Amino acid sequence: MKGGKEISGIVTGIKKFLGKTKPIISYQNPFKVLIATVLSARTRDANTAKAAKSLFSEYNNPKKLANARTKDIEKLIRVSGFYKTKAKRIKELSNVLIMNFGGKVPDNLEDLVSLPGVGRKTANCVLCYAFNIPAIAVDTHVHRISNRLGLVKTKIPEETEKSLLETLTKRYWLDINELMVKFGQKMCLPRSPKCGKCPINSYCDYYENIYLPEKGGA
Ligand code: SF4
């Protein structure tokens, strides 16, 4: 298990590598963060941004979306993957927000995961990005990179979240999703991680146990 010094080295190394970047979710309004996160599932960032922008240009609050026709929502978010399912879900979600929460997005995990189609990853994203409440949203990048580095040894994202909450001190929680998502898109790629050039390879279990032996370097 990595200690505080190594974790600090990992976070500093990733930050230095990424430099100044645009935020993944540029909205502050909790409803928009929630919907944008739903739209982002299995969709590239650029397409998520396009879909969110066109959707919010017509329907920018739960009431308008709850009253919208599913077909009209579909048209606006077509660029997002699985847009038909998402359109239905977004409408349903808006209805439940109005019925159960007075049209306001709740700011706690329990209520957020009670919303249709909202799992822990989406709920944690909303806590971090909309409410600035420390939480760890584990998507495929966070799960993969945490395991490769040896921060956790887990099989599924839920276990990764639990393990990271124990391993990382709270001051890292807000940033870790954004850092690992971007690092996973640029360096620690799903299929061919660029380990030879990686700025944090000295902290990485995968580098030591898989990359170097394959290269004949260990
Ligand atoms: S050394 Fe390779 S596997 Fe480890 S974090 Fe860097 S890119 Fe990912």
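Couple of notes before you dig in:
- Criterion violated by residue 135 - all others in (1) assigned to a loop (DSSP other than H, G, I, E, B); (2) within 16 Å of the ligand (Cβ to nearest atom) satisfied: (2)
- Qualifying position, being surrounded by 14 or more Cβ atoms within 10 Å (Cβ to Cβ), touching a residue at least 60 places away in the same chain (Cβ under 8 Å) and farther than 29 Å from residue 186 by Cβ, among 107, 111: 107
- Out of 189, 149, sole residue that is within 12 Å of the ligand (Cβ to nearest atom), touching an Asp or Glu at 6+ places or on another chain (Cβ under 9 Å) and under 28 Å from residue 37 (Cα atoms): 149
- The listed residues are 210, 156, and the only one of them that is within 16 Å of the ligand (Cβ to nearest atom), hydrophobic (A, V, I, L, M, F, W, C) and modelled with pLDDT of 95 or more turns out to be 210.
- Residues of region 145-160 that are part of a helix (DSSP H, G or I) and touching a Ser or Thr at 6+ places or on another chain (Cβ under 9 Å): 146, 147, 157, 160.
- Residue satisfying condition, being touching a residue at least 12 places away in the same chain (Cβ under 8 Å), among the small types (Gly, Ala, Ser), over 25 Å from residue 183 (Cα atoms) and surrounded by 18 or more Cβ atoms within 10 Å (Cβ to Cβ), within set 94, 80, 54: 94
- Residue match in region 167-177 (condition: under 22 Å from the mean Cα position of the chain (by Cα) and not in a helix (DSSP H, G or I)): yes
- The number of residues in region 159-186 being of a type outside the set (Lys, Arg) and within 14 Å of the ligand (Cβ to nearest atom) comes to 7.
The values are calculated or read from the model by the stated rules, or taken from the named source; none is laboratory data. Every value quoted in this text rests on a predicted model; they were computed, and no experiment measured them. Quick reminder, even Gly has a Cβ in these numbers, built from the backbone with ideal geometry, and neighbours come from all protein chains shown.
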